[in-house]
Amino acid sequence: MPLGIFRVCLVVITAIVNHPLLFPKENVSVPENAEEIIQKMKEREESLRLEQLRLEQEIADQEAKQKALEKAAEVVEESKEKKDFQEGNWQDTGGEEDDMAVLGKAFKGVAFPDKAVLASFYEKRILGTTGDMARMREMVEGFADDLLEALRSVCNRDADMEVEDCMGVGSMYENWRVRKPFVCDLIVPFAPPEPYCFRSQTWCSGDNFPPDEQGYGTIKVCRADEDVTGCICDKTKLGEDMLCLLHSQANNTRPSSQMEDLLCFKNTQYLDANQVMKWFQIAVTKAWNRISHKYEFDLSFSLLDSPGALKIKFRSGKSVAFNLTPVVQYENSDVYFISHFPWSSLAADLPSSTHWFLTFAVYERRFIQLVSKMLPANACHVSCLQILSFLHGKQCSLTGPSGLTNYHLKTVMLHLLQARPNQDWASEKLEARLQDMLKFLEKCLHEKKLYHFFIGNGKVPAELGFPIIFQRAEPLNLFRPFVLRRDVYRKTVDTFHEMLRNMSALINEYTVHIP
């Protein structure tokens with residue numbers, strides 16, 4: 001850039017010095033014809049203008065090359081980070097001797113609670129909720145089983161979807177829920193009636209999905225006897241005088257109403273999340289009408305835009321909320337397609353009603369159970385997550401919602417569980433591990449990168465039986481929305497910093513004053 005500016009200046013100075021009227025050469029007379037002078041000045045001006053344009057273009061080309069080099073360096077760096085994550089080397093979690101000074105700028109001047117205060121806070125404020133969670137889980141699961149059994153009885157077995165048993169997922173079943181009201185999350189797999197089946201396609205199955213559709217997939221409703229790859233007659237327009245020997249015209253077409261009865265999007269074979277929601281809400285309503293006389297409470301939908309956000313209302317005025325969400329199994333694994341996330345904002349903006357988000361909640365629960373067996377007795381991993389979730393929830397109640405969710409916080413814990421040695425999670429190291437989680441989260445917020453724990457992670461324990469296709473996929477950045485929405489990112493960072501400043505005050509307040 002400086003070289004280009006110098007060359008422009010040099011051309012201008014040369015033109016001035018060589019101007020015939022300013023510095024006439026010896027034995028050269030000034031032309032007496034004014035028009036000739038003006039014409040020469042115009043020619044010189046045009047020559048200078050062309051030279052200036054040439055130099056400006058040269059400078060612009062140099063700047064474009066520089067930007068291209070910088071962009072290439074960013075791509076290489078991002079590719080290196082993804083490779084490091086796949087190889088298990090992502091993110092420096094710090095050593096045992098870390099202190100608050102190295103946690104980052106956000107921690108300067110922050111008074112971090114000591115071990116005794118944290119232990120007292122956990123015992124008095126959080127530990128007592130474990131028994132409440134167990135009693136609620138037992139009650140909700142028993143009622144959900146009864147409701148689903150009634151649902152099966154009211155459905156047409158030859159035409160309606162087949163509903164399987166429900167499974168508990170999320171914080172209530174991983175024993176780290178701290179904020180009330182407690183809400184149980186249950187997923188209910190369902191399948192089409194015979195002779196149909198679901199054939200799914202994910203963003204990492206080979207086809208090109210745009211960046212905003214990573215983490216999603218589509219579900220096609222097919223006859224079980226259909227060729228998986230599809231006949232060429234589906235992909236090529238045959239002439240009017242040509243006939244496919246495998247598929248006649250009568251067998252290849254299906255009435256539109258028949259596919260809609262199978263909850264597909266209009267004029268397609270793709271499962272529609274909105275159709276599934278309507279079907280499930282109607283089926284649950286019919287099932288409750290059949291068994292309501294057995295119970296001394298009322299059942300209602302708490303959210304109409306979620307398929308199974310239910311609320312039990314007792315005559316005493318108390319209520320219990322739980323989510324019963326229909327899902328579709330991905331092949332023969334415990335990965336499921338889910339259309340609605342009532343407990344988080346992960347799938348708040350679906351690309352379309354035929355796109356389903358993939359949930360790995362069952363594997364997350366199993367991973368926590370597997371690792372817990374190898375950790376010291378009374379390990380502090382769940383305690384760290386509970387304290388962090390409590391602090392963030394309290395801060396959001398003071399300053400408004402944040403872009404961070406409990407799922408993000410759990411993902412941080414999962415990464416650290418895999419990165420740190422088992423002995424580092426002993427109960428007496430609660431303070432150090434909580435600092436690690438905050439440091440890790442601060443770094444992720446700064447870089448706007450928090451990778452999904454399972455997708456692209458080549459270090460997932462083999463005992464889990466996790467599908468290899470997702471291990472080999474490109475890592476999925478859960479903080480990508482922060483790159484696209486600066487206002488949400490700024491609010492999230494401000495809330496995080498405010499939480500750090502209020503941390504000691506909140507812990508001391510809820511340790512001394514117990515409701």
Exercise for review: State whether the residues of segment 144-161 include one that is closer than 23 Å to Lys266 by Cα and in contact with a Gly (Cβ under 7 Å, 6 or more places away or on another chain).
Suggested key: no
Revision key, fill the gap. Those residues of segment 265-281 that are within 13 Å of Leu148 (Cα to Cα) and open to solvent by 30 Å² or more (accessible area, probe 1.4 Å) come to a total of 1
Review point. Of the numbered conditions (1) within 34 Å of the chain's Cα centre (by Cα); (2) modelled with pLDDT of 95 or more, Ser292 satisfies every one except a single condition; which is it?
Key: (1)
Exercise for review: Assess whether Phe367 counts as being open to solvent by less than 10 Å² (accessible area, probe 1.4 Å) and part of a loop (DSSP other than H, G, I, E, B).
Suggested key: no
Revision key, fill the gap. For helices (runs of 4 or more DSSP H) lying entirely in segment 465-515, having 2 or more residues that are within 25 Å of Ala111 (Cα to Cα) picks out 486-512
Review point. Hey, among the residues in segment 177-209 that are open to solvent by 50 Å² or more (accessible area, probe 1.4 Å) and of a type in the set (Asp, Glu), which one's farthest from the chain's Cα centre (by Cα)?
Key: Glu194
**Study point:** Where Ala505 falls short, out of the listed (1) farther than 19 Å from Leu441 by Cα; (2) buried (at least 19 other Cβ atoms within 10 Å of the Cβ); (3) without any contact (Cβ under 8 Å) to a residue 40 or more places away in the chain
**Key:** (2)
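Conditions (1) in a helix (DSSP H, G or I); (2) of a type in the set (Val, Ile, Thr); (3) crowded, with 21+ Cβ neighbours inside 10 Å, marked per residue:
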residue: Leu388; (1), (2), (3): yes, no, yes
residue: Leu404; (1), (2), (3): no, no, yes
residue: Glu428; (1), (2), (3): yes, no, no
residue: Phe453; (1), (2), (3): no, no, yes
residue: Glu463; (1), (2), (3): yes, no, no
Check your understanding: Can you name the number of the only condition in (1) open to solvent by 30 Å² or more (accessible area, probe 1.4 Å); (2) in contact with a helix residue (DSSP H, G or I) (Cβ under 6 Å, 6 or more places away or on another chain) that Glu174 fails?
Key -> (1)
Review point. Quick one: Gly458 ticks every box in (1) within 30 Å of Glu331 (Cα to Cα); (2) modelled with pLDDT under 95; (3) not in a loop (DSSP other than H, G, I, E, B) bar one, so which box is it?
Key: (3)
Practice item. Tell me, yes or no, whether segment 441-449 has at least one residue that is in a loop (DSSP other than H, G, I, E, B), of a type in the set (Asp, Glu), open to solvent by 60 Å² or more (accessible area, probe 1.4 Å) and within 26 Å of Tyr363 (Cβ to Cβ). Key: no
Check your understanding: Checking Tyr510 against (1) within 30 Å of Pro211 (Cβ to Cβ); (2) more than 24 Å from the chain's Cα centre (by Cα), which single condition isn't satisfied?
Key -> (1)
Revision key, fill the gap. Of the residues in segment 126-141, those that are at pLDDT 95 or above and open to solvent by less than 40 Å² (accessible area, probe 1.4 Å) come to Val140
Practice item. Inspect all residues belonging to segment 334-346 and state whether any of them is in contact with a helix residue (DSSP H, G or I) (Cβ under 9 Å, 6 or more places away or on another chain), part of a strand (DSSP E or B) and modelled with pLDDT under 95. Key: yes
Revision key, fill the gap. The lone condition Phe121 fails out of (1) at pLDDT below 85; (2) more than 27 Å from the chain's Cα centre (by Cα); (3) open to solvent by less than 70 Å² (accessible area, probe 1.4 Å) is (1)
Review point. Can you pull out the residues in segment 370-386 that are part of a loop (DSSP other than H, G, I, E, B) and open to solvent by 50 Å² or more (accessible area, probe 1.4 Å)?
Key: Ala377, Asn378
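The values are calculated or read from the model by the stated rules, or taken from the named source; none is laboratory data. Quick caveat: nothing in here was measured; it's all calculated off a predicted structure. With ideal geometry, Cβ positions are generated from the backbone for all residues, glycine too; neighbour counts draw on all protein chains shown. The accessibility values were calculated without ligands, DNA or RNA, using every heavy atom of the protein model including side chains. Shrake-Rupley method; radii C 1.70, N 1.55, O 1.52, S 1.80 Å.
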